[in-house]
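Data block below; observations after.
The values are calculated or read from the model by the stated rules, or taken from the named source; none is laboratory data. This structure is a prediction, so every number in the text was calculated from the model and none was measured. Methodologically, a virtual Cβ is constructed for each residue, glycine included, from the backbone with ideal geometry; neighbour enumeration extends over all protein chains shown.
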Amino acid sequence: MNVVVIGASGYVGAELIGLLTQHNKISIQHLLVSENGTSSGQTFSQLHARWQGICDLPLEPFSPQWFEQHISASKHKIDAVFFATPHEFSAQWAQAFIDEDVKVFDLSGGFRLKDAKQYPVHYGFEHQALNALQQAQYGLAEWQAAEIATSNLIAVPGCYPTASLLALKPITSNDLHQENSLIVVNGISGVTGAGRTASLATSFCEVSLTPYNILQHRHQPEISQEANVEVIFNPHLAPYKRGLLVTVTLQLKAGVTSQQVDSAFTKAYQDTPLVRIVNTWPKIDNVAYSPFADVHWLVDEEKQVVVVSCAIDNLLKGAASQAIQCANISLGLASEYSLLTAGNY
């Protein structure tokens, strides 16, 4: 698979490119950045020194002229594009790539919500690419492999939704939850979740553990949509670099037992190498810099309540490595292909 990456200068783009360089079935042809950005003209390794000698490709400015030259008129076939861009950009350009028979893996939020009316509310723009939105497939790798394999546009899930859905779906997909009961998802993320652009609000020295965007976070409708239940999502920002943890509390149906819940999680994840069922409450340190998701739960049968926690690396399982999983599925490979190689994390 010959690919291009658009949005190569950010944290997620850098992690994605690092993983792509270690994948023997995928070849990076171009790395693109904003036409007006300051990183254009540098090499990738100049911007991200960790990859010096591993990926020294130039960072090219994306423009309509670049698209015409390298996609529309090029004799060198590009098979796929990865968007690690602002949401509006992928929403604007995805259809153009699809029309040229280039598969799209979108790591932004440009295609995660199925209802176009929700984009002005949660993302601040009117979605114009309605045909692309209609064909977009949500890409939670452990749950939607069959659909991912046949889609030309994959909406790679957000970091909070990935952890939340891995915790929720074994319960909700088996209809073990009490209908219309309160489902609360508490999430905590490190500062890299806010991106690489400098901001006083996310400066490491300024951040204290604090909730933010309560009852209005853009990931709340994404979680509710894919879990097929309404949730209350409470995100928190914490003063550490990377990693994310969610804890979900929900009411079980009367009579649901611990054994039923255990069976639901075991059945969901017994054949998924990147989702690990652990026997203690998960820790961010155990998944940071890795493609793993660690899941643990506890049932109170007297109260008919289950509490589930899931820890992931927000830049990897919450973004870049899950995009690789989706690409692997599209190639007919095991979703974990290349991600467990020594040196990847």
message: Six or more apart or on different chains, Cβ atoms under 9 Å: show the pairs whose first residue is in the range 177-193 and part of a helix (DSSP H, G or I) and whose second is hydrophobic (A, V, I, L, M, F, W, C) and modelled with pLDDT of 90 or more.
response: VAL191/LEU237; VAL191/ALA238; THR192/VAL12; THR192/LEU315; GLY193/CYS159; GLY193/LEU237; GLY193/LEU244; GLY193/LEU315
- prompt: If you go through the range 112-125 one residue at a time, do you hit one that is within 22 Å of SER321 (Cβ to Cβ) and surrounded by 12 or more Cβ atoms within 10 Å (Cβ to Cβ)?
  reply: yes
message: Can you tell me which condition GLN259 does not meet? The list is (1) among the polar types (S, T, N, Q); (2) without any contact (Cβ under 8 Å) to a residue 12 or more places away in the chain; (3) surrounded by 14 or more Cβ atoms within 10 Å (Cβ to Cβ), and all the others hold.
response: (3)
field: Members of the range 170-202 that are modelled with pLDDT of 90 or more, closer than 23 Å to ASN213 by Cβ and of a type outside the set (A, V, I, L, M)
entry: ASN186, GLY187, SER189
query: Considering only the range 89-124, how many residues are assigned to a helix (DSSP H, G or I), among the β-branched types (Val, Ile, Thr) and under 17 Å from the mean Cα position of the chain (by Cα)?
result: 0
Of residues in the range 59-76 being in contact (Cβ under 8 Å) with a residue 40 or more places away in the chain and assigned to a loop (DSSP other than H, G, I, E, B), the one surrounded by the most Cβ atoms within 10 Å (Cβ to Cβ): PHE62
- line: When (1) modelled with pLDDT of 90 or more; (2) out of contact with any Ser or Thr (no Cβ under 8 Å at 6 or more places or on another chain); (3) of a type in the set (S, T, N, Q); (4) outside any strand (DSSP E or B) are applied to ASN24, the one that fails is (2)
query: Of the residues ASP56, ASP79, ASP106, which is surrounded by fewer than 18 Cβ atoms within 10 Å (Cβ to Cβ), under 25 Å from ASN328 (Cα atoms) and at pLDDT 95 or above?
result: ASP79
statement: Going through the range 27-51 in order, the residues found to be closer than 19 Å to ILE71 by Cβ, in a loop (DSSP other than H, G, I, E, B) and small (Gly, Ala, Ser) are SER34, SER40
